[in-house]
Each structure stands twice: as structure tokens, then as C-alpha cells.
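Enquirer: Could you have a look at this structure, given as C-alpha cells, before my questions?
The values are calculated or read from the model by the stated rules, or taken from the named source; none is laboratory data. Since the structure is predicted, the reported quantities are computational estimates derived from the model, not experimental observations. Cβ placement follows ideal geometry from the backbone for every residue including glycine, while neighbour counts extend to all protein chains displayed. With ligands, DNA and RNA removed, areas are computed over all heavy atoms of the protein, side chains included. Shrake-Rupley method; radii C 1.70, N 1.55, O 1.52, S 1.80 Å.
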Amino acid sequence: MSVSESSFIRALNLEPTSKPPIWLMRQAGRYLPEYKAIRKHYKNFLDMCKEPKTCAELALQPIERYGLDASILFSDILTIPDAFNLGLFFSEGEGPRFANPITMPSDVDNLNIFDVNDLDYVFKTVEETRKVLPESLPLIGFCGSPWTLAAYSIEGAGSKTFPRVMKFLQLHSNSLEKLLGLYADACFVYLKQQVLSGINVIQIFDSWADLLNEDQFEKFSINPTKNLVRMLKNDRVTKTIPIILFEKASPIEVTDIAFDGIACMSLHHTDSLENAKLKFLNSYAIQGNLDPNVLTKSDEDINRRTREITSEMRGYPGFIFNLGHGITPNIHPDKVQIMIDAIRNFED
Ligand code: 1CP
């Protein structure tokens with residue numbers, strides 16, 4: 001079998017599959033003991049991201065454990081702001097931080113010119129991952145949406161409310177738009193090089209869509225993402241690669257966001273599967289959307305919710321089972337197996 005015959009690619013092309021293909025956002029990571037065993041050898045997470053062979057091994061871990069239907073490149077969305085010299089680092093037990101965040105418009109004007117070769121370690125990771133994956137298993141490449149990258153770059157770290165970004169948006173909206181343009185251009189070149197290195201599908205993560213109101217969302221999140229998708233669809237190398245868009249709890253209903261060039265909408269667990277199913281039939285694949293928190297509950301609860309989703313989407317050409325957001329470190333790996341068994345053994 002070739003990658004194009006895999007159930008994941010078939011679903012992205014809106015072809016029927018006998019069972020829904022399954023993969024999980026953040027499927028390689030801290031909930032897996034085999035991940036932690038490797039992670040403990042690195043003080044700074046970014047140093048580990050710069051070891052292509054190690055990253056290939058990490059991407060393979062959830063495939064070997066669960067036999068998932070797609071693999072995702074092991075890296076991070078914040079490699080792009082790091083390549084703009086914002087100085088990404090991860091201190092122990094904390095999330096990402098930037099040594100040189102963007103604090104004023106002149107910081108945007110003075111950003112260095114993006115050189116995609118600075119991210120060569122990512123492209124080497126794609127090549128190494130392809131070597132160790134089963135030949136027909138699709139490999140997903142990714143980037144953050146320009147807005148989500150800008151949010152971290154201005155805040156200087158993760159946050160619940162991102163107050164610095166929201167203030168920057170109020171005071172310096174032109175400068176923010178300039179930054180979003182730079183990030184969209186960089187994401188395009190970055191994704192193109194991921195494709196040339198061997199990825200089969202692109203996912204764009206807009207993990208901070210929920211910070212914005214409807215007007216802001218249109219202007220600062222969706223428009224730059226649309227520009228990025230337009231560039232990808234106008235390029236000879238990238239135009240045939242299916243694109244999945246994840247909008248986390250966006251202020252606009254996901255059914256009103258999907259646009260030309262997107263193959264699949266990845267639904268957050270607050271999005272309505274029922275609405276998406278009605279609106280997207282025969283035009284977009286749907287990925288989602290079990291609340292990751294369900295995986296901390298009893299086996300019966302996991303079975304029930306998983307079966308509800310599988311049953312609701314039964315017969316929808318282009319359904320991919322996933323979580324509504326990334327899997328969290330507090331989830332026991334056995335609970336993931338319960339969920340997978342419920343999908344694969346589903347019969348109604
Ligand atoms: O200390 C550690 O072990 C680091 C934990 C970790 C991991 C495993 C981070 C730091 N990044 C990653 C890998 C990662 N990040 C992958 C590849 C692994 C896989 O998916 O199998 C991917 C696709 C991402 C994407 C990512 N990074 C997103 C988008 C997805 C989402 O969850 O919304 C975001 C927002 C980030 C930023 C980031 N990097 C790391 C952390 C802990 C975070 C989130 C910070 C925050 O809460 O704001």
C-alpha cells in the first residue's frame with residue numbers, strides 16, 4: 001500500500017473508509033513513559049528538538065504503542081519565532097519562554113530576515129522520521145498560525161489570557177499586522193521545505209483563536225492564515241498537499257470559518273459535530289473531537305463518549321477520529337488504548 005491509499009489520506013480526500021482513521025494531537029509527549037525516558041536526558045526541550053534521530057524516535061513511539069493511522073513530525077510551533085532570533089527556551093517545569101520578546105513596534109521593524117536554513121534541523125527530522133516510519137504511514141507536518149505565533153512572541157511565554165498581546169493589539173495594530181505578514185511568509189517557506197523533505201499533510205494550529213472577538217479574529221487570525229493557505233495552494237510543490245486547520249474555540253462557528261484550500265477542519269471539543277456534519281458534507285473532511293479530559297474518566301465513560309462520536313460520524317465520508325485539543329500529561333496511556341479499542345471495535 002502507498003501513502004495515498006492509506007485511510008488517513010483517503011478520508012482527507014472525502015473517500016469512505018471502513019473505520020475512521022485515528023491520530024491524536026500531541027500524540028508524542030509527556031503522557032508516555034517512553035517519551036519521559038528520553039526527555040530526561042535533555043535539560044532544554046529545544047536541544048532535543050535539534051536532534052533529528054531522537055525526534056524521529058519520539059514520533060514513532062505512539063505509532064508503535066497504538067498503531068495509529070498518521071504520524072506527526074516531532075518538533076514545536078515555536079521554532080519559527082526562534083529563527084527570528086527571539087531566543088526560545090524552555091525552563092524546567094515551565095512552558096516556552098522568549099529571551100527577546102516583541103515589546104514595541106520597533107522590535108517588529110528590527111526583526112532579522114527569516115532564513116529557512118536556520119530550521120534545517122526540522123527538515124532533517126522529517127527525513128529521519130520518514131526512514132523509520134512504515135512506508136505507507138502518512139507524516140503530518142505543521143506550523144502555528146501566524147496569530148498564535150505572534151501571541152507567544154509578544155507575550156514572551158505561555159499565558160491564560162495573554163495580556164501583553166491584547167494590549168499590543170489595541171495600541172499597535174499596524175505593527176501587529178506587519179508581524180503577522182512576516183510570520184505567514186515564513187510559515188509558507190517553512191512548510192514548503194517540510195513538503196520537500198517528505199511530509200504528506202499539513203496541519204495549521206491556531207491554538208489561541210479564543211483570545212479574539214469576532215472582528216479581531218477575522219482580521220488578525222483568519223486573514224493571515226488565508227494568505228498562508230493561498231501561498232501554499234499557488235505553489236507547484238505544495239498545492240496538492242491536504243491542509244487541516246485547527247481553530248481552538250474560535251469566536252466564529254467553525255462551520256463559518258472553513259474556506260477554499262482547506263481539506264479538513266479539526267474540531268475543538270466545544271464545536272458542534274452535528275452542525276459541522278450537516279454543513280461540511282461532501283466539501284470538507286472533519287477531524288475530532290473527543291474532549292481530552294474524558295480520558296481521565298472511567299473506562300465506561302471513555303467507551304460511551306467515544307462510541308457516541310463514532311456513531312454520530314458513521315458514514316460521513318472524510319471523518320478522522322482525534323481529540324478536541326492536545327492530549328495532556330496527566331492522561332494514563334492505557335486510557336488511550338481504551339478509546340482506540342472503542343473506535344476499532346465499533347459496530348452498531
Ligand atoms: O518539556 C517537555 O517535554 C516539552 C513538552 C512539549 C512537547 C512534547 C512541547 C513544549 N512541545 C512538544 C511537541 C509538540 N508541540 C508537537 C509534536 C508532538 C506531537 O504532536 O506528537 C506539536 C505538534 C506541538 C505543537 C504546539 N506547541 C502547539 C499547538 C498544539 C496545541 O497543543 O495547541 C502549541 C500551542 C505549542 C507550544 C508549546 N510547546 C510546548 C508546550 C508545553 C507548549 C504549550 C504552552 C502553553 O500552554 O501555552
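Enquirer: Tally the residues that are part of a helix (DSSP H, G or I), more than 10 Å from the ligand (Cβ to nearest atom) and buried (at least 23 other Cβ atoms within 10 Å of the Cβ), restricting the search to the stretch 33-83.
Expert: 2
Enquirer: Can you find, within the stretch 93-136, the residue that is farthest from residue 149 (Cα to Cα) among those that are open to solvent by 60 Å² or more (accessible area, probe 1.4 Å) and small (Gly, Ala, Ser)?
Expert: In this case the residue turns out to be 93.
One line per residue, one yes/no per condition, for (1) open to solvent by less than 20 Å² (accessible area, probe 1.4 Å); (2) of a type in the set (D, E, K, R); (3) more than 19 Å from the chain's Cα centre (by Cα):
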| position | (1), (2), (3) |
| --- | --- |
| 256 | no, yes, yes |
| 264 | yes, no, no |
| 271 | no, yes, no |
| 274 | no, yes, yes |
| 279 | no, yes, yes |
| 282 | no, no, yes |
| 288 | yes, no, no |
| 292 | yes, no, no |
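Enquirer: Among the candidates 199, 244, which residue alone is among the hydrophobic types (A, V, I, L, M, F, W, C), closer than 15 Å to residue 321 by Cα and either within 16 Å of the ligand (Cβ to nearest atom) or crowded, with 21+ Cβ neighbours inside 10 Å (or both)?
Expert: Only one candidate qualifies: 244.
Enquirer: Sticking with this structure for a sec: For the stretch 301-347, which positions are in contact with a Lys or Arg (Cβ under 7 Å, 6 or more places away or on another chain) and open to solvent by 70 Å² or more (accessible area, probe 1.4 Å)?
Expert: 344
Enquirer: (1) surrounded by 19 or more Cβ atoms within 10 Å (Cβ to Cβ); (2) at pLDDT 95 or above; (3) within 9 Å of the ligand (Cβ to nearest atom): which one isn't true of residue 90, the others all being true?
Expert: (2)
So that you can scan it fast, the table gives a plain yes or no per residue for (1) in a loop (DSSP other than H, G, I, E, B); (2) at negative phi; (3) in contact (Cβ under 8 Å) with a residue 60 or more places away in the chain; (4) of a type in the set (S, T, N, Q):
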residue	(1), (2), (3), (4)
113	yes, yes, no, no
121	no, yes, yes, no
129	no, yes, yes, yes
140	no, yes, yes, no
148	no, yes, yes, yes
186	no, yes, yes, no
191	no, yes, no, no
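Enquirer: Only one of 145, 159, 221 is within 16 Å of the ligand (Cβ to nearest atom) and open to solvent by 10 Å² or more (accessible area, probe 1.4 Å); which?
Expert: Criteria check complete, one pass: 159.
Enquirer: How many residues does the stretch 135-149 hold that are in contact with a Leu (Cβ under 9 Å, 6 or more places away or on another chain) and more than 24 Å from residue 21 (Cβ to Cβ)? Walk me through how you get there before you give the answer.
Expert: At the first step, the residues of the stretch 135-149 found to be in contact with a Leu (Cβ under 9 Å, 6 or more places away or on another chain) are 137-147, 149.
Retained after the next criterion (residues that are more than 24 Å from residue 21 (Cβ to Cβ)): 146-147, 149.
Residues in the stretch 135-149 being in contact with a Leu (Cβ under 9 Å, 6 or more places away or on another chain) and more than 24 Å from residue 21 (Cβ to Cβ): 3 in total.
Enquirer: Please work out which one of (1) under 21 Å from the mean Cα position of the chain (by Cα); (2) at pLDDT below 95 is the condition residue 320 fails and give its number.
Expert: (2)
Enquirer: Further question: Output the residue which, of all residues in the stretch 162-191 that are within 14 Å of the ligand (Cβ to nearest atom) and hydrophobic (A, V, I, L, M, F, W, C), is nearest to residue 123 (Cα to Cα).
Expert: Looking at residues that are within 14 Å of the ligand (Cβ to nearest atom) and hydrophobic (A, V, I, L, M, F, W, C), I get 191.
Enquirer: Out of all the residues in the stretch 149-189, which are aromatic (Phe, Trp, Tyr) and more than 16 Å from residue 111 (Cβ to Cβ)?
Expert: Looking only at the stretch 149-189, we keep the residues that are aromatic (Phe, Trp, Tyr), and these are 152, 162, 168, 183, 188.
Correct list: 162, 188.
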